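Trainee: Below is the structure I would like to discuss, written out as structure tokens.
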């Protein structure tokens, strides 16, 4: 069975071009810089298997065809300042690393004291 997902570009950020991913009109991933692989992990966790077609709104044909979503779920795309994009084995972020990332993304809160 082939599953069809749609990716929608969001406002670019400091990491590049993020996308939202939807399945049957419902957003399943609100923001991803690696939407096809993240979607494959999402679908695998929910028991999907088989092929995936990655579509963009308004396109006449899919952007990408993935023959085996369960195999693709094991990989992601990595890029850094020293090397260009490359496909690498996916390693989930530890809870501690995820907490540090979330904390670093929170806006700074200024406390002001009322003049007395």
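The values are calculated or read from the model by the stated rules, or taken from the named source; none is laboratory data. Just so you know, these numbers come straight off a predicted model, no measurement behind them. In this analysis, Cβ positions are derived from the backbone assuming ideal geometry, glycine residues included, and neighbour counts consider all displayed protein chains.
Trainee: Among the listed residues 45, 53, 79, identify the single one that is over 16 Å from residue 7 (Cβ atoms) and touching a strand residue (DSSP E or B) at 6+ places or on another chain (Cβ under 8 Å). Full working, then the answer.
Mentor: On the way: 45 fails: touching a strand residue (DSSP E or B) at 6+ places or on another chain (Cβ under 8 Å); 53 fails: over 16 Å from residue 7 (Cβ atoms).
Going through 45, 53, 79 in turn, just one is over 16 Å from residue 7 (Cβ atoms) and touching a strand residue (DSSP E or B) at 6+ places or on another chain (Cβ under 8 Å): 79.
Trainee: Now for a different question. Take residue 6 and tell me if it is touching a residue at least 24 places away in the same chain (Cβ under 8 Å), surrounded by 14 or more Cβ atoms within 10 Å (Cβ to Cβ), outside any loop (DSSP other than H, G, I, E, B) and touching a helix residue (DSSP H, G or I) at 6+ places or on another chain (Cβ under 6 Å). Steps first, answer last, please.
Mentor: On the way: touching a residue at least 24 places away in the same chain (Cβ under 8 Å): yes; surrounded by 14 or more Cβ atoms within 10 Å (Cβ to Cβ): yes; outside any loop (DSSP other than H, G, I, E, B): yes; touching a helix residue (DSSP H, G or I) at 6+ places or on another chain (Cβ under 6 Å): no.
It is false that residue 6 is touching a residue at least 24 places away in the same chain (Cβ under 8 Å), surrounded by 14 or more Cβ atoms within 10 Å (Cβ to Cβ), outside any loop (DSSP other than H, G, I, E, B) and touching a helix residue (DSSP H, G or I) at 6+ places or on another chain (Cβ under 6 Å).
Trainee: Say whether the condition of being surrounded by 11 or more Cβ atoms within 10 Å (Cβ to Cβ) and part of a helix (DSSP H, G or I) is met by at least one residue in region 54-63. Show your work before the answer.
Mentor: Within region 54-63, the first condition is being surrounded by 11 or more Cβ atoms within 10 Å (Cβ to Cβ), and the residues that meet it are 54-56, 62-63.
Next cut, part of a helix (DSSP H, G or I) only: none.
Looking through region 54-63, none of the residues is surrounded by 11 or more Cβ atoms within 10 Å (Cβ to Cβ) and part of a helix (DSSP H, G or I).
Trainee: Right, next: Given 47, 116, 84, which one is modelled with pLDDT of 85 or more and assigned to a loop (DSSP other than H, G, I, E, B)?
Mentor: Residue meeting the stated conditions: 47.
Trainee: Which one is surrounded by the fewest Cβ atoms within 10 Å (Cβ to Cβ), of the residues in region 9-27 that are in contact with a helix residue (DSSP H, G or I) (Cβ under 9 Å, 6 or more places away or on another chain) and assigned to a strand (DSSP E or B)?
Mentor: Keep residues of region 9-27 that are in contact with a helix residue (DSSP H, G or I) (Cβ under 9 Å, 6 or more places away or on another chain), which gives 18-21, 23.
Retained after the next criterion (residues that are assigned to a strand (DSSP E or B)): 19-21, 23.
On the way: 19: 22, 20: 16, 21: 22, 23: 18.
Checking each candidate, the answer is 20.
Trainee: Taking the criterion of being farther than 21 Å from residue 91 by Cα and surrounded by 12 or more Cβ atoms within 10 Å (Cβ to Cβ), would at least one residue in region 28-42 satisfy it?
Mentor: So far as region 28-42 goes, no, none of its residues is farther than 21 Å from residue 91 by Cα and surrounded by 12 or more Cβ atoms within 10 Å (Cβ to Cβ).
Trainee: Restricting the search to region 64-81, which residues are in contact with a helix residue (DSSP H, G or I) (Cβ under 6 Å, 6 or more places away or on another chain) and part of a loop (DSSP other than H, G, I, E, B)?
Mentor: Correct list: 73 only.
Trainee: Given 103, 67, which one is exposed (fewer than 11 other Cβ atoms within 10 Å of the Cβ), more than 18 Å from the chain's Cα centre (by Cα) and over 27 Å from residue 25 (Cβ atoms)? So that I can check it myself, show each step before the final result.
Mentor: Numbers: 67 fails: over 27 Å from residue 25 (Cβ atoms).
Only one candidate passes the filter, namely 103.
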